[in-house]
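Report on the following structure.
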Amino acid sequence: MKNEKLAELDRQNKLDLMETQQLYERILSVLGPFFEDSIYGAQNTYYVYIEDKVLRGKHIGSIENMQYEFDLLFTQDTLKVKDLQNLSLPIWAKSGILSREKKVKSFDVSDFYITNIEYEGNNLRAVIEDKDSENRFIISSDEKAFLIAHRDYEITRDPDLAAALNKNSVDAFISKLKNFFRESVGSESLRRITIDGRNAVEENKIFDCLKLIASIYGKLVTECLERGYTEGEITIKIEEPVGIRTEKYLEKSEIYRELSTLGSEGKELAALLRVSDA
């Protein structure tokens, strides 16, 4: 009888854990689109890496005491340099049968795999390797310059190798690496939100996250109202990456009405957004 009760408790515990996990995933699924395009003013870091021989990535956004993390799946399982462009880099190579003299050689890396990318702000670091990882290049850049290393040897610090670099080609490659996150992400899945370093969903702190976001956008709402054409109307100007410009219009009263349906918490968000005096 005792064993039967223990087995029943164990079964119920497993069911409770499963239901909790499903609820956790549903909450993140609902919040995902809200965070997907990033929060205004957030610091964003993007990663590409190989896991189980498949290209995967992460997007981590941070603002004040809140952080959110997405898993990224790309439209391709592997990424080669030539998928972005052809690229050659200078290295030292020995030539000649007797003297084995060192000469600058243009080394085609177009068929190399891109195995790692880290991109934050204007800073980028990428690793490219051949199939057997015998040759490995690291390309690092910021808004001012780039550095390239082959194995442990820094190409850009060697005057002869640096002179042989096609800087325009490298700059174009770095630009395409940055664009890769905008153009080749197939899907994003929100995996975690933390506030003050603690899991916001597990700690029931999602409303605290929404209050933080509302306070950030409240400043923008005030600016939009001050610059708007009509009193009480928020004018939002949007410029798409392709250069198309559009305008959206929202009434303060409409936002307040929608948020009020959430009760006191919704009204608190409306006050932070500065639309509660509608």
| field | Enumeration of residues in region 40-64 that are in a loop (DSSP other than H, G, I, E, B) and either in the same structural domain as ALA214 (by the TED database) or open to solvent by 30 Å² or more (accessible area, probe 1.4 Å) (or both) | value | TYR40, GLY41, ASP52, LYS53, GLU64
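Can you find a residue in region 200-213 that is under 23 Å from ILE128 (Cβ atoms), at pLDDT 90 or above and touching a strand residue (DSSP E or B) at 6+ places or on another chain (Cβ under 6 Å)?
Filtering region 200-213 down to residues under 23 Å from ILE128 (Cβ atoms) leaves none.
No.
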| Residue in region 12-39 that is modelled with the lowest pLDDT, counting only those that are within 14 Å of the chain's Cα centre (by Cα) and open to solvent by less than 60 Å² (accessible area, probe 1.4 Å) | SER38
| field | Restricting region 72-91 to residues that are in contact (Cβ under 8 Å) with a residue 60 or more places away in the chain and outside any loop (DSSP other than H, G, I, E, B), the residue that is surrounded by the most Cβ atoms within 10 Å (Cβ to Cβ) | value | LEU89
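Looking at ILE236, ILE138 in this structure, which one is open to solvent by 30 Å² or more (accessible area, probe 1.4 Å), assigned to a strand (DSSP E or B) and under 19 Å from ILE117 (Cα atoms)?
Exactly one of ILE236, ILE138 is open to solvent by 30 Å² or more (accessible area, probe 1.4 Å), assigned to a strand (DSSP E or B) and under 19 Å from ILE117 (Cα atoms), namely ILE138.
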| field | Answer residue from region 40-52, given it is under 17 Å from PHE180 (Cβ atoms) and aliphatic (A, V, I, L, M) and is nearest to the chain's Cα centre (by Cα) among those | value | VAL48
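Can you find, within region 168-218, the residue that is nearest to the chain's Cα centre (by Cα) among those that are assigned to a helix (DSSP H, G or I) and among the polar types (S, T, N, Q)? Walk me through how you get there before you give the answer.
Going through region 168-218, the residues assigned to a helix (DSSP H, G or I) turn out to be 168-183, 206-218.
Now drop any that are not among the polar types (S, T, N, Q), which leaves 168-169, 175, 179, 215.
Values: ASN168: 26, SER169: 25, SER175: 16, ASN179: 12, SER215: 23 Å.
Checking each candidate, the answer is ASN179.
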| said: Take the residues in region 121-135 that are of a type in the set (S, T, N, Q) and under 20 Å from ASP83 (Cα atoms); name whichever of them is most open to solvent (accessible area, probe 1.4 Å). | reply: SER133
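Among GLU118, GLU69, which is the only one that is part of a strand (DSSP E or B), open to solvent by 70 Å² or more (accessible area, probe 1.4 Å), closer than 30 Å to VAL201 by Cα and in contact (Cβ under 8 Å) with a residue 60 or more places away in the chain? So that I can check it myself, show each step before the final result.
Details: GLU69 fails: open to solvent by 70 Å² or more (accessible area, probe 1.4 Å).
The match here is GLU118.
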| query | Any idea which of (1) within 24 Å of VAL185 (Cβ to Cβ); (2) of a type in the set (S, T, N, Q); (3) part of a helix (DSSP H, G or I) is the one THR156 doesn't satisfy? | reply | (1)
| query | Are there any pairs with C-beta distances below 8 angstrom linking a residue in region 27-38 that is farther than 16 Å from VAL201 by Cα to a residue that is surrounded by 15 or more Cβ atoms within 10 Å (Cβ to Cβ) and modelled with pLDDT of 85 or more, with the two at least 6 apart or on different chains, and if so which? | reply | GLU36/PHE70; GLU36/GLU188; GLU36/LEU190; SER38/ASN44; SER38/GLY61
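Residues are listed down the side, and each one gets a yes or a no for (1) within 19 Å of ARG26 (Cα to Cα); (2) exposed (fewer than 15 other Cβ atoms within 10 Å of the Cβ); (3) of a type outside the set (Lys, Arg):
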{"residue": "ASP152", "(1), (2), (3)": "no, yes, yes"}
{"residue": "THR156", "(1), (2), (3)": "no, no, yes"}
{"residue": "PHE173", "(1), (2), (3)": "no, no, yes"}
{"residue": "LEU177", "(1), (2), (3)": "no, no, yes"}
{"residue": "VAL185", "(1), (2), (3)": "no, no, yes"}
{"residue": "LEU190", "(1), (2), (3)": "yes, no, yes"}
{"residue": "ALA200", "(1), (2), (3)": "yes, no, yes"}
{"residue": "GLU203", "(1), (2), (3)": "yes, yes, yes"}
{"residue": "LEU212", "(1), (2), (3)": "no, no, yes"}
| Those residues of region 220-237 which are touching a residue at least 40 places away in the same chain (Cβ under 8 Å) and either under 14 Å from ALA271 (Cβ atoms) or out of contact with any strand residue (DSSP E or B) (no Cβ under 7 Å at 6 or more places or on another chain) (or both), in sequence order | LEU220, VAL221, THR222
| message | Only one of SER215, SER184, SER141 is outside the structural domain of ARG56 (by the TED database) and of a type in the set (Ser, Thr, Tyr). Can you tell me which? | response | SER215
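The values are calculated or read from the model by the stated rules, or taken from the named source; none is laboratory data. This one's a predicted model, so the numbers in the text were calculated from it and none came from an experiment. We place every Cβ from the backbone using ideal geometry, glycine too, and count neighbours over all the protein chains shown. Surface accessibility is based on the protein's heavy atoms, side chains included, excluding ligands, DNA and RNA. Shrake-Rupley method; radii C 1.70, N 1.55, O 1.52, S 1.80 Å.
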